[in-house]
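Since the structure comes first, as structure tokens, the remarks are kept for the end.
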Amino acid sequence: MKNNAKYAYWTIVILLLLATAQSFMDRQILSVSFLVIREELDITDVQYGFINAAFLVSYAIMFTVAGVLIDRYGSRLGLAWSVGFWSFASLLHAASNSAYQFMFYRFLLGLGEGGAFPGAAKAVSEYVPKKKQSLAMGIAIGGAAFGAVIAPPLTVYMLMFVSWRAVFIFAGATGFIWLFYWLKYAKKLPAQEAGIRIPDDNAGKPAKKGKGLGIKKLLSDRTAYVFIGMRFLLDPVLYFYMFWIPRYLSDVHDLSLGLIGNLLWIPFLALGVANIFGGWVSDLVFIKTNNVDFARKLIMGIGAVLTIPVFFIGWIPSYIPILVFITLAFFAHGIWITNYITSISDIYGKHNTSSIVGFSGTAGAISAMVLNPLTGYVVSAYSYDPLWYYAGIMYPLVFICFIIFIPKIKLKDSLKYEHEPMVSS
């Protein structure tokens, strides 16, 4: 029984991986299908930018709202609502006949998906022992990359036999299948049912009200604003990768839809592997050194350096080295984001992690929401080059700011905050 209790939380982690995989699969389906949709419905580049912005508006709102609510009611109910709602929104995409309808359904999709990552982070902090949390976080959020890996070739393959509308119906149906298993298994772990205490930070116990700092104190905490600012500056890079790389390869390098589908899974596979690898190495360093600050920042620093080559993509004539640099950038983001989110969990514990992840995700979505229509304008009026420059310099700059403004990450134990909130005067 004890051995079963010790490892039962991995069932939850696998379900979290499948949920984040579903979320990114649903997003990537549009970016690939749009190469067909734009011809059928005559949608322009600028309209495509606004379609993406519609998703980001609601995503930005719900990232914070869902984060706060999931901290209050727990990850089981929060993720059930989130996945159910966005799966329904995916089904509605099949009924779209204009850019405006896509904007509306994309808005609904964002309302649901806003809870995915705050919910995953919350579940890891609730169920997983502290010294396993970075690896568990990497697996959970790494599902997003695996969903993105599956989406391009699967979408291209399905488009060979069915309409793009059927692809969205398939996406929605798979979400409801996940929901059934989540509600079935995301209950008390065997350890709780047997009255066995899971070691390390009381992992696996449900959240209790009144243990967090509260929204007012969180919004007065300068450390929280560092995490929020990091996402504000970096999320536009990831959204640029997700929404515009298929267009870039098609428009600039004349790659066919089939070739794009055959290639685009590679960077996302690197992202998923990096999520898990970055979490595993960080936990290993933490266990060996007992220094959580060194463990998290070492991996994030390596990730920042690995993003620099994308600065030069606009100067490269062949798509093959471009694919290599993009893949390296995705790997770098994977090891970065795993340790970024785990650092939030380290500092704020299981009672406020979802809220901070929510606030920071909202900031990133707002930034990307503003820049996405601008991206369409820059691409149409000039080129992709300024976007590659931004992507190549921001991670190193943000990492320097991180080590300056958060000089030491301290763990929050199960009884009190070792991190004292730096409340502004």
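The values are calculated or read from the model by the stated rules, or taken from the named source; none is laboratory data. What you see is a predicted model, and the numbers here were worked out from it, not measured in a lab. Note that we place each Cβ from the backbone using ideal geometry, even for glycine, and neighbour counts take in every protein chain shown.
Among residues of region 270-296 that are acidic (Asp, Glu), those with a beta-carbon under 6 Å from a residue that is in a helix (DSSP H, G or I) at least six positions away or on a different chain give the pairs Asp283/Ser134; Asp283/Leu135.
Can you pull out the residues in region 111-122 that are surrounded by 24 or more Cβ atoms within 10 Å (Cβ to Cβ) and part of a helix (DSSP H, G or I)? Those that are surrounded by 24 or more Cβ atoms within 10 Å (Cβ to Cβ) and part of a helix (DSSP H, G or I): Gly112, Glu113, Ala116, Phe117, Pro118, Gly119, Ala120, Ala121, Lys122. Candidates Thr20, Thr44: the one that is of a type in the set (Val, Ile, Thr) and either in contact with a helix residue (DSSP H, G or I) (Cβ under 6 Å, 6 or more places away or on another chain) or surrounded by 22 or more Cβ atoms within 10 Å (Cβ to Cβ) (or both) is Thr20. For Gln101, the conditions (1) in a helix (DSSP H, G or I); (2) surrounded by 17 or more Cβ atoms within 10 Å (Cβ to Cβ); (3) of a type outside the set (A, V, I, L, M, F, W, C) are fulfilled apart from (2). Consider region 240-282 and keep the residues that are surrounded by fewer than 23 Cβ atoms within 10 Å (Cβ to Cβ) and within 15 Å of the chain's Cα centre (by Cα). The one that is nearest to Ile37 (Cα to Cα) is Met242. A single entry from Phe402, Phe359, Phe330 fulfils the requirement of being more than 26 Å from Val68 (Cα to Cα), at pLDDT 80 or above, surrounded by 21 or more Cβ atoms within 10 Å (Cβ to Cβ) and touching a helix residue (DSSP H, G or I) at 6+ places or on another chain (Cβ under 9 Å): Phe330.
If you check Pro246 against the conditions, is it of a type outside the set (S, T, N, Q), under 21 Å from Arg27 (Cβ atoms) and touching a helix residue (DSSP H, G or I) at 6+ places or on another chain (Cβ under 6 Å)? It would help to see each step written out before you state the result.
Values: of a type outside the set (S, T, N, Q): yes; under 21 Å from Arg27 (Cβ atoms): yes; touching a helix residue (DSSP H, G or I) at 6+ places or on another chain (Cβ under 6 Å): yes.
It is true that Pro246 is of a type outside the set (S, T, N, Q), under 21 Å from Arg27 (Cβ atoms) and touching a helix residue (DSSP H, G or I) at 6+ places or on another chain (Cβ under 6 Å).
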